[in-house]
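**Student:** Just passing along the structure, written as structure tokens.
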Amino acid sequence: MVNPLRLLSSPTLRSLSSGIVRYKSGGSCLEVNPYKELSSWGELTERAAHHIFWTELFRGLLVTLGHMLKEPATINYPFEKGPLSPRFRGEHALRRYPSGEERCIACKLCEAICPAQAITIEAEERSDGARRTTRYDIDMTKCIYCGLCQEACPVDAIVEGPNFEFSTETHEELLYNKEKLLNNGDKWEAEIAANIEADYLYR
């Protein structure tokens, strides 16, 4: 293998004034002209700008500047919030009828279908013969937000609402009871009803 340093120091390698580099080896001759001969001052200026002023660098900076002047793709959360789908599965809630009566009829279908076994229900019969829950608990740390409880409910009592900002500092705060779920339903009823109305054709 030929040592590159030896080639560079060889007298057979020389640069001519025309820019042609000629290397003689074994009687053969290889000519390379990396610098095309300029025919006009315009080409000279263009090549100087290309090599001296790094035009690619400035083109890249112009692309960056163009993106800086565009409308940002991010939002200033929490002061700005993006749109949510009507099918968004957020914090759970128990709904009431417009009369104020709770919708849940204690059929326990949601408890039976829950794959994470996060729902616990206890019920009893009231004096008017209707069944109502005396206990409705959801362990939000077990919930996988699959939405099966909402799909199984025959009266749209248990739903997953639009609220996604319900972080807590303790585990106990994520153990929702019936009172907490009913309060969520009262708070988000307008949004929940609008989402169900928007999605009813696909359910």
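**Student:** Hey, among Cys149, Cys143, which residue is in the same structural domain as Tyr97 (by TED's automatic domain parsing), farther than 19 Å from Ser99 by Cα and touching a Cys at 6+ places or on another chain (Cβ under 7 Å)?
**Tutor:** Selected residue: Cys149, the only one of Cys149, Cys143 that is in the same structural domain as Tyr97 (by TED's automatic domain parsing), farther than 19 Å from Ser99 by Cα and touching a Cys at 6+ places or on another chain (Cβ under 7 Å).
**Student:** Determine, yes or no, whether Gln117 is of a type in the set (S, T, N, Q) and crowded, with 16+ Cβ neighbours inside 10 Å.
**Tutor:** No, not satisfied.
**Student:** Among Ser85, Ser99, which is outside the structural domain of Phe164 (by TED's automatic domain parsing), modelled with pLDDT of 90 or more and either assigned to a loop (DSSP other than H, G, I, E, B) or among the polar types (S, T, N, Q) (or both)?
**Tutor:** Ser85
**Student:** Related question: Which number in (1) assigned to a loop (DSSP other than H, G, I, E, B); (2) of a type in the set (Ser, Thr, Tyr); (3) under 26 Å from Arg203 (Cα atoms) marks the one condition that Thr120 misses?
**Tutor:** Failing condition for Thr120: (1).
The values are calculated or read from the model by the stated rules, or taken from the named source; none is laboratory data. A quick note: this is a predicted structure, and the numbers were derived from the prediction, not measured. Reconstructed Cβ throughout: ideal geometry from the backbone, glycine too, with neighbour counts over all protein chains shown.
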